[in-house]
1. Listed residues B:G75, B:G37, B:G21; which is of a type outside the set (A, V, I, L, M), at positive phi and in contact with an Asp or Glu (Cβ under 6 Å, 6 or more places away or on another chain)?
2. Taking the stretch A:208-234, which residues are surrounded by 19 or more Cβ atoms within 10 Å (Cβ to Cβ) and under 24 Å from A:P372 (Cα atoms)?
3. Please indicate, with yes or no, whether at least one residue in the stretch A:303-325 is open to solvent by less than 50 Å² (accessible area, probe 1.4 Å), aromatic (F, W, Y) and away from every other protein chain (no Cβ under 14 Å).
4. Name, by its number, the condition in (1) modelled with pLDDT of 95 or more; (2) open to solvent by 20 Å² or more (accessible area, probe 1.4 Å); (3) under 26 Å from B:F41 (Cα atoms) that does not hold for A:R355.
5. Can you name every one of the strands (runs of 3 or more DSSP E) wholly within the stretch B:17-127 that holds 1 or more residues which are among the small types (G, A, S) and either more than 14 Å from chain A (Cβ to nearest Cβ) or free of Cβ contacts under 8 Å to residues at least 60 places away in the same chain (or both)?
6. Given the condition open to solvent by 40 Å² or more (accessible area, probe 1.4 Å) and not assigned by TED's automatic domain parsing to the domain that holds A:A237, answer yes or no: does some residue in the stretch A:106-124 qualify?
7. Could you please tell me which pairs satisfy a Cβ distance under 6 Å, a separation of 6+ or placement on different chains, a first residue in the stretch A:183-207 that is assigned by TED's automatic domain parsing to the domain that holds A:P168 and under 13 Å from A:L221 (Cβ atoms), and a second residue that is assigned to a loop (DSSP other than H, G, I, E, B) and basic (K, R)?
8. So which residues in the stretch A:243-274 are within 11 Å of A:N82 (Cα to Cα) and open to solvent by 20 Å² or more (accessible area, probe 1.4 Å)?
Amino acid sequence: MAETPVTTPALKQTPLNNLHRQLGARMVEFGGWDMPVQYSGGILEEHRAVREAAGLFDVSHMGEFEIRGPDAVAFLSHVITNDPTPLQIGQAQYTVICYPHGGAVDDLIIFKLGEDDFLAVVNASNTEKDFEWMQGQTSGFNVSLTDRSLDYGLIALQGPAAVEILRPLTSLDLDAMPYYSVRRGPVTGVEAILSRTGYTGEDGFEIMVAWDTTPQVWQALLDAGAPHGLKPAGLGARDTLRLEAAMPLYGHELDADTNPLECGLNRFVVLDKPEFVGRDVLAAVKANGPTKRLIGLEVVGRGIPRQGYAIMKDGQTIGTVTSGTQSPTLGKAIGLAYVQPDYTKVGAEVEVLIRGAGVLARIVKRPFYKRPK
Amino acid sequence: MPNVPAELKYTKEHEWAKVEGDLVRIGITEYAQEQLGDVVFVELPQPGSKVAYMKNFGVVESVKAASDLYSPVGGEVVEANSDLESQPELVNKDPYGGGWLILVRPDDPSALNSLLDADAYSAFLDSLA
């Protein structure tokens, strides 16, 4: 007998893989990782828990890069579209990395941990590509770039109850942590990098700890959160939550053929920096207007928009859906779509082509959901 | 293991068929609804329209994705379950009862004999595990 050739490489596992299985998770492949898409209660229950109480997500599959050295700020300023110069130690920033032609390499968050010490958190499926790309941009800069993706586990604690769940588990002053701040300190007795960030549209935290300590931190958070209504939540709920909050997902709203101005990320693109990769093209896009624009859609008829469905107006195709779902919070079918720039007026009616039939939809403001203050 | 009622017939696409006099009631199995997760939308044919054996007759959508439905028999749709318009979750809660999909008058009632019985469908589910 010949040996069976290996056709698919083994999926990577986060440090929480066994715990997910014990919790009854349904596991799926995502970006080369074996990840929980939902637990036994289902996506709707997990989604509701995050909106009303709290949810706990394993996002250890995401990539983490250390960027250190005297030129760390100058290097980042060259690579990213946002401006890292004004960042103070303890602040985080959302940004995009672009190719010279303006298309997105990835979207990411950078954390300023020390004067010449940054951490970038990137999308799991883009980790290798991003690292290679950034490494290729380092010449002339006194900076060291280190891929720490397999050294850190990452847990997201999200929802209105997140702060009260976390408070007894850390000596860090959470009230002194505004949105997009980051601190080092103990969480559940484990040294952590704690940030007030997330991908759900709710208040919440992301907790980065050494890979091998991730299970004990996860378990401590689950136990402490249970009386508050916290539930473990999978990638399914993560997607419906971010979509209601109209946050872009790489591979849907952003890709190498889409620039951040088309995606409506203007405030994260600082064109008056002296230089950065993609600047010239983005400045021209800004001056001439993008050739496509992201819109939010609410379906008026019956049906759910899905990625790839055509957007029609007066019988002509004017765009394409990038993400869509039945919004658990709103009880309506919603979607994000790219359309020709003349068709972005809020309130305007369009049709989504669903299985060959045009279904009435209305352009609405993004985000679809905004948390009560 | 998911419930597989002995009196029903099954397809490998996870639909069930139940003979009710000269009509056939059709739905999806407990295994299918478990795999789909929370059902949030169901699209069914109008009464009076025709469905064909193992051809797509509608769609059931979870939060994450749309899945086609295949008819275990060819024939004319007598009734579609209109409760699912406002309560698609019945497909999850009661897949063999209130979550039924369509009622069909089969062109050829003997065609049901070609479907899987409960034992064969259970064995098929085992083979997927």
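The values are calculated or read from the model by the stated rules, or taken from the named source; none is laboratory data. Model, not experiment: these values are computed from the prediction. FYI the Cβ positions are ideal-geometry reconstructions off the backbone, even for glycines, and counts take in every protein chain you see. Note: accessible area is taken over every heavy atom of the protein model, side chains too, but ligands, DNA and RNA are not part of it. Shrake-Rupley method; radii C 1.70, N 1.55, O 1.52, S 1.80 Å.
1. B:G75
2. Answer for the stretch A:208-234, where residues must be surrounded by 19 or more Cβ atoms within 10 Å (Cβ to Cβ) and under 24 Å from A:P372 (Cα atoms): A:G225, A:L230, A:K231, A:P232, A:A233, A:G234.
3. no
4. Answer for A:R355: the failing condition is (1).
5. B:23-28, B:56-62, B:66-70, B:75-80
6. Checking the stretch A:106-124: at least one residue is open to solvent by 40 Å² or more (accessible area, probe 1.4 Å) and not assigned by TED's automatic domain parsing to the domain that holds A:A237.
7. Every condition considered, the pairs that remain are A:F205/A:R196.
8. A:N266, A:R267, A:F268, A:V270, A:L271, A:D272, listed by residue number.
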